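Q: After the structure tokens below, expect a handful of questions from me.
The values are calculated or read from the model by the stated rules, or taken from the named source; none is laboratory data. Small disclaimer: the values here were computed from a predicted structure and weren't measured. Note that each Cβ is placed from the backbone with ideal geometry, even for glycine, and that neighbours are counted across all protein chains shown. Note: accessible area is taken over every heavy atom of the protein model, side chains too, but ligands, DNA and RNA are not part of it. Shrake-Rupley method; radii C 1.70, N 1.55, O 1.52, S 1.80 Å.
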Amino acid sequence: MDSSTWQAYADAYAFLGNSLLRPMTQTSAVGLAPEFWGAFPDFGAEAVADAADSLALWAEGRAGDGPEKAAQDAAVEYTALFVGPPSPAAPPWETMNRRDGVSVGFGEATFQMREVMRGLGLELAGPSRQYEDHLGLELLCLSEMCRRRAWALDLADTAREAAVRDGDPAEEALAEGLDDGSVAAFIDGHPLGWIGALEAKVEAARPDGYFVHLLTLARALLTHHRQQLGE
């Protein structure tokens, strides 16, 4: 994949991750615009395009409510699914979705994600009380990985141009960074490995809501991206 494709993945994951971390009333309400989903990149994947189309249809169905009510309804849905009280209908943490019957957070996946974030130079800041294995945070980490892959490829192109211009056939090491294999391993080891379980819980609780469509899109995107990265 070229740098522009990596950057497009970075932008898509960033939107999805942020959408799962705060209700729509506290973030962008572009998810209410059918044209936003019409322009959402599908990367040539039919499943991604179908999921984006479903979100566009969902948005069209809410057009008569007006933007304020539609955003408020989505925020109420967000709270019921991911926050509670009394408890979230669909806990958005990896630890609680890896095995049936787990109702306590801060497990092995939390420690693993803490190390991933540390390795990327990232840390939680502000009033957030989220465990690090929240799906939104995992998608934001993946977004940062994609952004760095795009940066590394752009840097590589610049260095090659300079080498040709200077008559130097040798290519120096450009920067220590991520490769396709490490991104693939993260996708397999974290978000793609459990997003289906979360999606099933959301579908059971709110089958006609916004977030079941959003998670279907995220799963389709992760699956296609992983396939593009190969073995």
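Q: Taking the condition over 17 Å from Pro191 (Cα atoms), in contact with a Phe, Trp or Tyr (Cβ under 8 Å, 6 or more places away or on another chain), open to solvent by 10 Å² or more (accessible area, probe 1.4 Å) and in a loop (DSSP other than H, G, I, E, B), does Phe43 pass?
A: yes
Q: Tally the residues that are surrounded by fewer than 18 Cβ atoms within 10 Å (Cβ to Cβ) and within 12 Å of Ala89 (Cβ to Cβ), restricting the search to segment 182-205.
A: Qualifying residue count for the region: 4.
Q: Take Leu32 and decide whether it is under 22 Å from Ala150 (Cβ atoms) and among the hydrophobic types (A, V, I, L, M, F, W, C).
A: The answer is no for Leu32.
Q: Now a separate question. Go through segment 111-148 residue by residue and tally those that are among the charged types (D, E, K, R) and either open to solvent by less than 50 Å² (accessible area, probe 1.4 Å) or touching a residue at least 60 places away in the same chain (Cβ under 8 Å) (or both).
A: Residues that pass the stated criteria total 5.
Q: Follow-up question, since we're still on this one. Looking at Leu57, is it part of a helix (DSSP H, G or I) and over 28 Å from Arg114 (Cβ atoms)?
A: Judged against the criteria, Leu57 is a match.
Q: Among the numbered criteria (1) exposed (fewer than 14 other Cβ atoms within 10 Å of the Cβ); (2) under 21 Å from His190 (Cβ atoms), which one does Glu94 miss?
A: If we test Glu94 against (1) exposed (fewer than 14 other Cβ atoms within 10 Å of the Cβ); (2) under 21 Å from His190 (Cβ atoms), just (1) comes out false.
Q: Report, by residue number, each residue of segment 125-154 that is assigned to a helix (DSSP H, G or I), modelled with pLDDT of 90 or more and of a type outside the set (A, V, I, L, M, F, W, C).
A: Of everything in segment 125-154, those that are assigned to a helix (DSSP H, G or I), modelled with pLDDT of 90 or more and of a type outside the set (A, V, I, L, M, F, W, C) turn out to be Gly136, Glu138, Ser143, Glu144, Arg147, Arg148, Arg149.
Q: List the residue pairs whose Cβ atoms are under 7 Å apart, where the first residue sits in segment 73-93 and is closer than 17 Å to Asp133 by Cβ and of a type in the set (Phe, Trp, Tyr), the second is open to solvent by 50 Å² or more (accessible area, probe 1.4 Å) and modelled with pLDDT under 95, and the two are 6 or more positions apart or on different chains.
A: Trp93/Tyr131
Q: Pairs needed: first member in segment 24-52, at positive phi; second member anywhere, surrounded by 15 or more Cβ atoms within 10 Å (Cβ to Cβ); C-beta distance under 7 Å; at least 6 residues apart or different chains.
A: Listed pairs, sorted by first residue: Phe43/His224.
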